[in-house]
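S.K.: Provided herewith is a single structure, encoded as structure tokens, for subsequent inquiry.
The values are calculated or read from the model by the stated rules, or taken from the named source; none is laboratory data. These numbers come from a predicted model, not from an experiment. Because the Cβ atoms are built from the backbone with ideal geometry, glycine has one as well, and the counts that use them run over all protein chains shown.
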Amino acid sequence: MELWLLNSFGSLALTMIMAGSVIAFAALGSLVVRRRLPRLMNGGQNDMVGVLLGMYGAIYGIFLAFVVVAEWEGIGVAETVVATEATHCAEIVRDADAFPEPVRREVTEAVGQYVRAVVNDQWPRMRAGEPSAEATEPAIRAVYRALQSYEPTTESQKAYYAQAVSHLDGVVAQRRARLTLASSSLPTLLKLLVYGGALVMIPMSLLYGIKSFKAHLTFVTLIALLIGLSLLLTMSLDRPFSGELSVSPAPYKEGALVRFWQ
């Protein structure tokens, strides 16, 4: 459900859906409470409800902030992994320029096949929450075969060969990290706390009595708006490769790798 929402709607549409749904729920609850429990609007219980609302709001806010910060750091980690993997690919291409033909061509073509497979095949799968290493495995094997079949002779070739092998190992390591990040999300318990906490927060705000219907509706709506936006941010940051806030594959099209997209 989350992935479908993130990949089907833009940020503005998602904001309207998430915030609008929470606000509509809160507004409907306000009408129900005023009709079924009109005595609550006198505010006799406001001291107790105010204390509970303040304590619960502070605890929930701190917890939500912790989740958002952790997810934002996860986005940063994903961007670093992608950039590092792309850098390793570019360095292999540069190192291969020191190799004789046809080794240089074989290595370069295999790297080009890899980066195109990452962007055109693997990226959509990660966006859909179904990452798979098989999409790039043939290209990785092709690079390994090209390097394993080559025996450098000069000292310069040996130095660049060692660097190319090291960068290839780096590509494999970063690919594994990227796929792991693409398949990860908030644990079920944390999701229950995030969304369950919102479901408790809104009904609690309905119990705060305000005689004026407009004032009470405004009070409840503002709280619902804040909660809706917080839930939207949490959902958007939970998937680093899905939605408009997702990590971009642009590093695989820059620098020495731009030749594969021309």
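S.K.: Looking only at segment 232-247, decide whether some residue is part of a loop (DSSP other than H, G, I, E, B), touching a helix residue (DSSP H, G or I) at 6+ places or on another chain (Cβ under 9 Å) and β-branched (Val, Ile, Thr). Walk me through how you get there before you give the answer.
M.R.: Of the residues in segment 232-247, the ones part of a loop (DSSP other than H, G, I, E, B) are 239-247.
From what's left, touching a helix residue (DSSP H, G or I) at 6+ places or on another chain (Cβ under 9 Å): 239-247.
Add one more test, that the residue is β-branched (Val, Ile, Thr), and what stays is 247.
Taking every residue of segment 232-247 in turn, at least one turns out to be part of a loop (DSSP other than H, G, I, E, B), touching a helix residue (DSSP H, G or I) at 6+ places or on another chain (Cβ under 9 Å) and β-branched (Val, Ile, Thr).
S.K.: I'm trying to understand the selection: among the residues of segment 16-50, which are among the basic types (Lys, Arg) and surrounded by 14 or more Cβ atoms within 10 Å (Cβ to Cβ)?
M.R.: To start, the set of residues in segment 16-50 that are among the basic types (Lys, Arg) comprises 34-36, 39.
Across segment 16-50, the qualifying residue is only Arg34.
S.K.: Residues in segment 193-207: is at least one part of a helix (DSSP H, G or I), closer than 24 Å to Glu2 by Cα and in contact with a Pro (Cβ under 8 Å, 6 or more places away or on another chain)?
M.R.: Scanning segment 193-207, I find no residue that is part of a helix (DSSP H, G or I), closer than 24 Å to Glu2 by Cα and in contact with a Pro (Cβ under 8 Å, 6 or more places away or on another chain), so the answer is no.
S.K.: Which of (1) part of a helix (DSSP H, G or I); (2) closer than 18 Å to Val81 by Cα; (3) in contact (Cβ under 8 Å) with a residue 40 or more places away in the chain is the odd one out, the single condition Pro131 does not satisfy?
M.R.: (1)
S.K.: Suppose we keep only residues that are within 25 Å of the chain's Cα centre (by Cα) and aliphatic (A, V, I, L, M) within segment 240-262. Which one would you say is surrounded by the fewest Cβ atoms within 10 Å (Cβ to Cβ)?
M.R.: Ala250
S.K.: For segment 83-99, give me each residue that is more than 11 Å from Val171 (Cα to Cα) and out of contact with any Pro (no Cβ under 9 Å at 6 or more places or on another chain).
M.R.: Start the filter on segment 83-99 by keeping residues that are more than 11 Å from Val171 (Cα to Cα), which leaves 93-99.
Those that are more than 11 Å from Val171 (Cα to Cα) and out of contact with any Pro (no Cβ under 9 Å at 6 or more places or on another chain): Val93, Arg94, Asp95, Ala96, Asp97.
S.K.: Tell me, please, whether a residue that is over 21 Å from the mean Cα position of the chain (by Cα) and modelled with pLDDT of 85 or more can be found in segment 123-130. Let's see the steps before the verdict.
M.R.: Applying the first criterion (over 21 Å from the mean Cα position of the chain (by Cα)) to segment 123-130 yields none.
No, the conditions are met nowhere in segment 123-130.
S.K.: Next question. Just name the residue that is nearest to Ala24 (Cα to Cα) out of those in segment 180-196 that are at pLDDT 85 or above and surrounded by 20 or more Cβ atoms within 10 Å (Cβ to Cβ).
M.R.: Of everything passing the filter in segment 180-196, Val194 is nearest to Ala24 (Cα to Cα).
S.K.: Kindly establish whether Leu12 is out of contact with any Cys (no Cβ under 9 Å at 6 or more places or on another chain) and surrounded by 14 or more Cβ atoms within 10 Å (Cβ to Cβ).
M.R.: On the way: out of contact with any Cys (no Cβ under 9 Å at 6 or more places or on another chain): yes; surrounded by 14 or more Cβ atoms within 10 Å (Cβ to Cβ): no.
Against the criterion (out of contact with any Cys (no Cβ under 9 Å at 6 or more places or on another chain) and surrounded by 14 or more Cβ atoms within 10 Å (Cβ to Cβ)), Leu12 does not qualify.
S.K.: Okay, moving on. Only one of these is farther than 18 Å from Val194 by Cβ and not hydrophobic (A, V, I, L, M, F, W, C): Glu2, Glu85, Glu73. Name it. Please lay out each step first, then the result.
M.R.: Working: Glu2 fails: farther than 18 Å from Val194 by Cβ; Glu73 fails: farther than 18 Å from Val194 by Cβ.
When all the criteria are applied, what remains is Glu85.
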